[in-house]
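The values are calculated or read from the model by the stated rules, or taken from the named source; none is laboratory data. Just so it is clear, the structure is predicted and the values come from calculations on it, not from any experiment. All Cβ positions, glycine included, derive from the backbone under ideal geometry; neighbour counts span all protein chains shown.
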Amino acid sequence: MLLRLSNIIETAVAPALAILPKHMDSPEARCMLLAIGLQESGFTCRRQKGNGPACGYWQFELGGGVAGVYRHHVSHQHLHALCRSRGVSFDPKPIWCALETDDVLAAGVARLLLLTDPKKLPELGDEAGAWAYYQRNWRPGKPHPKRWPANYAAALQEIRSVEV
């Protein structure tokens, strides 16, 4: 991993959560954001390998996650506020384009995608529940289930080290 997870929290996750309503910030949310970022990009690339259609550490596609967060009644207004604070036009294409260079926006969009799930975030330590939550919301084309336990464990360890 090129960046330490504490750096991801400091430079992307915490600033994004500071823009969003307070109830969206929790250890469970932070853990999911770290685990999913590790699963999707390892926090090493902001553009899908092979110049694919996904952008940002959380690997959002224009017609997938970006459109979903943009259109969903639970996330739409929060996304509007996030975009306004980041100076990004509130339209799916500019949002998607900005994800490649704006880690705060990317973390915020990732948190908003989690918000669209009607089920509550998995409890800390619920690796299987977190995997199901990730799969249900990201719908990865190549899910790589064998990588999840290590990615989730690293995220959980980071979150627990901060809680102490």
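Those residues that are farther than 21 Å from PRO94 by Cβ and in a helix (DSSP H, G or I), I need them from region 10-26; list them, please.
To start, the set of residues in region 10-26 that are farther than 21 Å from PRO94 by Cβ comprises 10-11, 13-14, 17-18, 21-26.
The answer is GLU10, THR11, VAL13, ALA14, LEU17, ALA18, LYS22, HIS23, MET24.
Say we look at region 73-123 and pick out the residues that are part of a loop (DSSP other than H, G, I, E, B) and closer than 21 Å to THR11 by Cβ; which of these is farthest from the chain's Cα centre (by Cα)? Don't jump to the end; show me each part of the working.
The first filter runs over region 73-123 and keeps only residues part of a loop (DSSP other than H, G, I, E, B), leaving 73-75, 87-91, 100-102, 116-123.
Subset that is closer than 21 Å to THR11 by Cβ: 87-88, 100-102.
Values: GLY87: 19, VAL88: 18, GLU100: 13, THR101: 14, ASP102: 13 Å.
Among those that are part of a loop (DSSP other than H, G, I, E, B) and closer than 21 Å to THR11 by Cβ, it is GLY87.
Could you please find all residues in region 112-164 being touching a helix residue (DSSP H, G or I) at 6+ places or on another chain (Cβ under 7 Å), without any contact (Cβ under 8 Å) to a residue 60 or more places away in the chain and hydrophobic (A, V, I, L, M, F, W, C)?
LEU113, TRP131, listed by residue number.
Please pick out the residue among SER75, SER85 that is under 27 Å from TYR152 (Cα atoms) and among the polar types (S, T, N, Q).
Every option except SER75 fails the conditions.
Hey, does region 98-107 have a residue that's among the charged types (D, E, K, R) and either more than 22 Å from PRO21 (Cα to Cα) or at pLDDT below 95 (or both)?
Here is the first cut: in region 98-107, the residues among the charged types (D, E, K, R) are 100, 102-103.
Restricting the remaining residues to those that are either more than 22 Å from PRO21 (Cα to Cα) or at pLDDT below 95 (or both) gives 100.
Within region 98-107, one or more residues are among the charged types (D, E, K, R) and either more than 22 Å from PRO21 (Cα to Cα) or at pLDDT below 95 (or both).
Part of a helix (DSSP H, G or I), in contact with a Leu (Cβ under 9 Å, 6 or more places away or on another chain) and more than 21 Å from PRO53 (Cβ to Cβ), is that true of ALA150? Spell out how you get there, then give the answer.
Details: part of a helix (DSSP H, G or I): yes; in contact with a Leu (Cβ under 9 Å, 6 or more places away or on another chain): yes; more than 21 Å from PRO53 (Cβ to Cβ): yes.
The answer is yes for ALA150.
Does ARG46 satisfy being under 21 Å from GLU10 (Cα atoms), surrounded by 17 or more Cβ atoms within 10 Å (Cβ to Cβ) and out of contact with any Gly (no Cβ under 7 Å at 6 or more places or on another chain)?
It is false that ARG46 is under 21 Å from GLU10 (Cα atoms), surrounded by 17 or more Cβ atoms within 10 Å (Cβ to Cβ) and out of contact with any Gly (no Cβ under 7 Å at 6 or more places or on another chain).
For PRO27, state whether it is surrounded by fewer than 16 Cβ atoms within 10 Å (Cβ to Cβ), in contact with a Gly (Cβ under 9 Å, 6 or more places away or on another chain) and closer than 26 Å to LYS146 by Cα.
Working: surrounded by fewer than 16 Cβ atoms within 10 Å (Cβ to Cβ): yes; in contact with a Gly (Cβ under 9 Å, 6 or more places away or on another chain): no; closer than 26 Å to LYS146 by Cα: yes.
Against the criterion (surrounded by fewer than 16 Cβ atoms within 10 Å (Cβ to Cβ), in contact with a Gly (Cβ under 9 Å, 6 or more places away or on another chain) and closer than 26 Å to LYS146 by Cα), PRO27 does not qualify.
Can you tell me which of ARG136, ARG111 is modelled with pLDDT of 95 or more and buried (at least 20 other Cβ atoms within 10 Å of the Cβ)?
On the way: ARG136 fails: buried (at least 20 other Cβ atoms within 10 Å of the Cβ).
Going through ARG136, ARG111 in turn, the sole match is ARG111.
Take region 45-67 and flag every residue that is under 15 Å from ASP102 (Cα atoms) and among the small types (Gly, Ala, Ser).
ALA54, GLY56
Report whether or not ALA29 is under 24 Å from ALA153 (Cβ atoms) and part of a helix (DSSP H, G or I). Even if it seems obvious, please write down each step before you answer.
Details: under 24 Å from ALA153 (Cβ atoms): yes; part of a helix (DSSP H, G or I): yes.
Yes; evaluated as a whole, the condition is true for this residue.
Report the residue count in region 32-72 for those that are over 11 Å from the mean Cα position of the chain (by Cα) and outside any loop (DSSP other than H, G, I, E, B).
Going through region 32-72 one residue at a time, the tally reaches 13.
Spot the failing condition for VAL109; the list is (1) of a type in the set (A, V, I, L, M); (2) over 24 Å from LEU5 (Cβ atoms); (3) without any contact (Cβ under 8 Å) to a residue 60 or more places away in the chain, and only one is missed.
(2)
Report, ordered by the first and then the second residue, all pairs with beta carbons closer than 9 Å, sequence separation of six or more or different chains, a first member in region 62-87 that is aromatic (Phe, Trp, Tyr), and a second member that is in a loop (DSSP other than H, G, I, E, B).
Going by the 9 Å Cβ cut-off, the qualifying pairs are TYR70/PHE90; TYR70/ASP91.
ARG4: surrounded by fewer than 21 Cβ atoms within 10 Å (Cβ to Cβ) and within 20 Å of CYS83 (Cβ to Cβ), yes or no? Outline the logic, then answer.
Details: surrounded by fewer than 21 Cβ atoms within 10 Å (Cβ to Cβ): yes; within 20 Å of CYS83 (Cβ to Cβ): no.
Against the criterion (surrounded by fewer than 21 Cβ atoms within 10 Å (Cβ to Cβ) and within 20 Å of CYS83 (Cβ to Cβ)), ARG4 does not qualify.
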